[in-house]
Amino acid sequence: MDTHVVAHPLAAALLTTMRDRRSSNPAFRAALRELTHMLIYEAIRDAEVEEFDITTPVAPARGVRLANPPLLVPVLRAGLGMVEQASSLIPQSQVGFVGMARDEHTFEPVPYLESLPADLAGIPVYVLDPMLATGGSMVHTIELLAERGATDVTAVCVVAAPEGVAALENSKLPVRLVTAGIDEGLNEDAYIVPGLGDAGDRQFGPR
Ligand code: PRP
Ligand code: URA
């Protein structure tokens with residue numbers, strides 16, 4: 001699997017704000033928005049463009065636009081904090097939704113919402129979820145996408161655990177990973193260490 005860790009001092013500083021337990025909910029959300037900007041910027045770097053004619057105030061010129069804008073899929077709740085920034089960077093993108101909550105005891109994903117186009121053949125898909133822990137939620141989401149014909153999926157995550165990266169690799173699903181960091185591992189509650197805690201609670205408060 002192709003894994004890209006965005007190494008940039010500004011990304012590292014934003015990730016630090018998100019990790020810091022003293023950061024308020026608004027500060028955490030603001031840092032997530034800014035970091036999403038950088039992750040998407042890197043994720044779309046090699047996207048195909050098509051040329052078209054424009055006229056500047058001075059002369060005719062050739063312009064470019066994305067040949068194949070992606071579908072953005074935030075995984076609720078925590079991925080909601082990434083979608084506004086991603087769609088403002090890629091205004092032509094459409095948005096689908098998947099809702100999933102991890103069972104506290106088994107750590108298995110429990111899906112509760114699925115709102116996706118029926119046919120995803122030929123459409124790049126960016127799954128937005130700040131946390132890749134066991135990988136269960138991401139693998140389940142990509143399975144939903146693959147059932148609809150998606151063959152080009154990018155997991156856009158703030159922090160990943162090696163266990164989650166391995167789960168994506170072992171799934172053999174058509175996915176690449178763009179993240180701001182790969183941490184040490186998981187604790188006994190399947191939280192990423194050092195991680196940043198519960199990304200949903202830190203944006204929106206406890207469930
Ligand atoms: C978090 C996170 C991922 C999932 C990652 O969601 O946003 O979706 O956990 O864990 P995994 O890799 O072990 O599956 P959570 O279930 O806490 O729901 P929330 O976003 O509603 O808080
Ligand atoms: N979900 C989170 O929000 N944080 C973790 O560390 C693991 C799963």
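Read-outs throughout are calculated quantities, based only on the coordinates presented, and are distinct from any laboratory measurement. This structure is a prediction, so every number in the text was calculated from the model and none was measured. We place every Cβ from the backbone using ideal geometry, glycine too, and count neighbours over all the protein chains shown.
Please specify each residue of the range 1-23 satisfying the condition of being surrounded by 10 or more Cβ atoms within 10 Å (Cβ to Cβ) and in a loop (DSSP other than H, G, I, E, B).
Selection gives 1, 6, 7, 8, 20, 23.
Which condition number in (1) surrounded by 16 or more Cβ atoms within 10 Å (Cβ to Cβ); (2) of a type in the set (A, V, I, L, M); (3) within 16 Å of ligand 2 (Cβ to nearest atom) is the one that residue 166 fails?
Status for residue 166: all satisfied but (1).
Mind checking which residues of the range 24-51 are within 16 Å of ligand 2 (Cβ to nearest atom), crowded, with 18+ Cβ neighbours inside 10 Å and in contact (Cβ under 8 Å) with a residue 40 or more places away in the chain?
Matches in the range 24-51: 28, 32, 35, 36.
Are there any pairs with C-beta distances below 7 angstrom linking a residue in the range 1-23 that is farther than 17 Å from residue 197 by Cα to a residue that is among the acidic types (Asp, Glu), with the two at least 6 apart or on different chains, and if so which?
That search, which allows pairs on different chains as well, returns 1/169; 4/42; 6/42.
Scan the range 45-91 residue by residue and report those that are over 30 Å from residue 136 (Cα atoms) and either within 12 Å of the chain's Cα centre (by Cα) or hydrophobic (A, V, I, L, M, F, W, C) (or both).
Residues satisfying the conditions are 49, 52, 54, 58, 59, 61, 64, 66, 67.
Write out, first by first residue and then by second, each pair whose Cβ atoms fall under 9 Å of each other, whose residues are 6+ apart or on separate chains, and whose first residue, in the range 73-84, is over 19 Å from residue 146 (Cα atoms) and in contact (Cβ under 8 Å) with a residue 40 or more places away in the chain while the second is more than 14 Å from ligand 2 (Cβ to nearest atom) and among the hydroxyl-bearing types (Ser, Thr, Tyr).
81/36; 82/36; 83/36; 84/36
Mind checking which residues of the range 165-188 are in contact (Cβ under 8 Å) with a residue 60 or more places away in the chain, closer than 19 Å to residue 124 by Cβ and not hydrophobic (A, V, I, L, M, F, W, C)? Step through it out loud before you land on a result.
So in the range 165-188, the residues in contact (Cβ under 8 Å) with a residue 60 or more places away in the chain come out as 165, 168-169, 175-182.
Narrowing further to those that are closer than 19 Å to residue 124 by Cβ: 168, 175-179.
The answer is 176, 179.
What is the residue count in the range 103-141 for residues that are of a type in the set (Phe, Trp, Tyr) and closer than 16 Å to residue 158 by Cβ?
Final tally of qualifying residues: 1.
Please work out which one of (1) over 18 Å from residue 94 (Cβ atoms); (2) in contact with a Leu (Cβ under 9 Å, 6 or more places away or on another chain); (3) away from ligand 2 (no atom under 12 Å from the Cβ) is the condition residue 130 fails and give its number.
It fails just one condition, (3).
Looking only at the range 168-192, count every residue that is over 30 Å from residue 147 (Cβ atoms), within 13 Å of ligand 1 (Cβ to nearest atom) and in a strand (DSSP E or B) and tell me the total.
Of the residues in the range 168-192, 1 are over 30 Å from residue 147 (Cβ atoms), within 13 Å of ligand 1 (Cβ to nearest atom) and in a strand (DSSP E or B).
May I ask you to list pairs of residues, at least six apart or on different chains, whose Cβ atoms are under 9 Å apart, with the first in the range 86-106 being over 24 Å from residue 118 (Cα atoms) and the second being among the polar types (S, T, N, Q)?
89/36; 102/134; 102/137
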